[in-house]
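Since every read-out is calculated from the coordinates, none of them should be taken as a lab result. All values derive from a computational prediction rather than experimental measurement. Neighbour counts are summed over all protein chains in view; Cβ atoms, including those assigned to glycine, are modelled from backbone coordinates with ideal geometry.
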Amino acid sequence: MTGIRPRGKRLILRILAGQIAIGMAATLLSQVCLGLEAAKAAAYGAGIAIIPGLYFALRVFATPPGTPPRTMLAKLYAGEVGKFVLTAALFFGAVMWFPKQMLPVILTYIACLSVNWAVMLKPN
């Protein structure tokens, strides 16, 4: 994260920390209530939210200040396409590895994504 602007870095770290915390809580809750396989599925669901989001953030926020708008927009689109492809591939993996545990995958994924909204709504 060395080439990322300070404001973008703070935002990325706040979202990442929140998603990791929610993912760990969901994994623990799944372990206690539903067992080890559900906990693995929940952890995987957290990864589905975290990995593509981090990829997107690193692609977009690593653009240096003063970059032409056309280049910035191209990086934004490329980051979004990469995020979409990663998310689809990871969900495909979830269906393959956790066919009977999709509820913990999806609920944890949704919970981790909700962190994005919470961080964006909270003022610095």
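Dipole of the chain computed with +1 at Lys/Arg Cβ and -1 at Asp/Glu Cβ about the Cα centre; of Cys33, Tyr55, Thr67, farthest Cα towards the positive end is Thr67.
Does anyone have the angle between helix 36-61 and the longest principal axis of the chain? Alpha-carbon axes, 0 to 90°, nearest 10? The helix 36-61 is inclined about 0 degrees to the chain. By other beta-carbon atoms within 10 Å, ranking Thr67, Thr87, Thr108 with the fewest at the front produces Thr67, Thr87, Thr108. By the count of other C-beta atoms within 10 Å, a proxy for reagent exposure, Lys9, Lys100, Lys83 are ordered fewest to most as Lys100, Lys9, Lys83.
Magnitude of the Cβ-charge dipole of the chain, K/R +1 and D/E -1, about the Cα centre, nearest 20 debye?
For the chain, the charge dipole is close to 520 debye.
A simple spin-label model places pseudo-atoms 7 Å from Cα toward Cβ; at Leu36 and Lys9 they are separated by 4.1 nm.
How large is the direction-averaged shadow of the alpha-carbon convex hull of the chain, in nm²?
8.0 nm²
In the chain, the DSSP-assigned H stretches of four residues or longer account for a calculated mean residue ellipticity at 222 nm of -30000 deg cm²/dmol, using -39500 (n - 2.57) per stretch and the full residue count as denominator.
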